[in-house]
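First the structure, in the form of structure tokens, and then the observations on it.
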Amino acid sequence: MQLPPSLRRAALTVHVVTSVGWLGAVAAFLALAVAAVLSDDTGTARALYIAMEVMGLAVLVPLSLASFVSGLVQSLGTTWGLLRHYWVIAKLSISVVATGVLLLYLSTLRVLADAAASPGLADDRALLPSTSPVLHSAAAFFVLLGAAALSIYKPKGVTRRGWRQQQRRTTAV
Amino acid sequence: MTDPDRAGDATGSEVKPELPQPPGMPRWVKITLLAVGLLVLILIATAVFAGGGSHRPGMHGGLAGVPSSSGTNASYATA
């Protein structure tokens, strides 16, 4: 199914904005995570872990889901298709894995935020400071950077399925 | 001269004209798959040998973890 041009542009706008926004939000999250590890002030570090959980729930998750859904619409509604080109499959895989890991990681963020919010508990001493958010957000940043590069470069490579569809189209013409 | 498309083999059956073949997997896909596979293996090995198999905050070696008498941990412990 092909989207009409006006709808296609709108869907592309949503996809670009949410994908780049996701990358930017991950960069901001990484800055908070690094600041929490490096901070000498315990109060500041605690506030940063609590802010990271809020950011995960209120910014990262909505942007990741919006980027994933708008990417699906974009590929299914245009000639690119979902499984015709390797770069589309690679980008879809990145989106699925990154969103999945983020959703699973929310429980870790909750544990860290709870520990940060309750000074004196055993958990607090055992968990903080943690470089786990630094590692996860740094990995996410580079993976999403790769996804952005795939969208721009669109490296060549048609799958068997895409090739068959091309052949059918050629013989039909 | 015999037309190769119409030439028969020893059994007399006709050789069909060669159909176009689908393209193979591009090199960048193969390299990426190899790199991702290696990374997954390293992560699994790290989780099994260093992390004890369970996923928790700081399992990748990032937790300060053990309360110490100096450094940042001590400040968390006494906060």
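No lab work stands behind these numbers, since they all come straight from the coordinates. Predicted model only: the values in this text are computed from it and were never measured. Cβ coordinates were reconstructed from backbone atoms using ideal geometry, including for glycine residues, and neighbour counts include every protein chain displayed.
Per-residue packing, averaged as other Cβ atoms within 10 Å, sorts the ranges B:26-35, A:153-162, A:15-24 into the order A:15-24, A:153-162, B:26-35, beginning with the highest.
When peptides A:133-140, A:7-14, A:91-98, A:106-113 are ranked by their average number of other Cβ atoms within 10 Å per residue, the highest-first order is A:133-140, A:106-113, A:91-98, A:7-14. The spacing between segment A:144-161 and segment A:10-36, judged by their C-alpha centroids, is 20 Å. The alpha carbons of segment A:127-173 give a radius of gyration and a Dmax of 20.0, 65 Å, in that order. Net length available on complete extension from A:L65 to A:K154 is 29.8 nm, with 0.36 nm assigned per residue and the Cα-Cα distance removed.
Inverting the pair-averaged 1/r between distinct Cα atoms of segment A:92-173 gives 16.4 Å as its Kirkwood hydrodynamic radius. For a paramagnetic label modelled on A:Q2 (point 7 Å from Cα along Cα→Cβ), amide N atoms under 11 Å away belong, within segment A:49-82, to A:78-80. Straightening the chain between A:A139 and A:W80 buys 18.5 nm, computed as 0.36 nm per residue apart minus the Cα-Cα spacing. If you bin all the Cα-Cα distances of chain A at 5 Å, starting from zero, the percentages per bin are 1, 8, 15, 17, 14, 12, 9, 7, 6, 4, 3, 1, 1, 0, 0. Peptide A:127-137 has a mean of 6 when you count, residue by residue, the C-beta atoms of other protein chains within 10 Å of its C-beta.
Put a dot 7 Å past the Cα of A:A27, heading toward its Cβ, do the same for B:K30, and the two dots end up 3.5 nm apart.
Applying 1/(1 + (r/R0)^6) with r as the Cβ-Cβ distance of A:V34 and A:R9 and R0 = 45 angstrom yields a FRET efficiency of 0.75. Helices from chain A with mean Kyte-Doolittle at least -0.5 and a Cα length along the axis of 15 Å or more, per DSSP H: which? Once both thresholds are applied, what remains is A:5-38, A:42-55, A:61-76, A:86-117, A:132-153.
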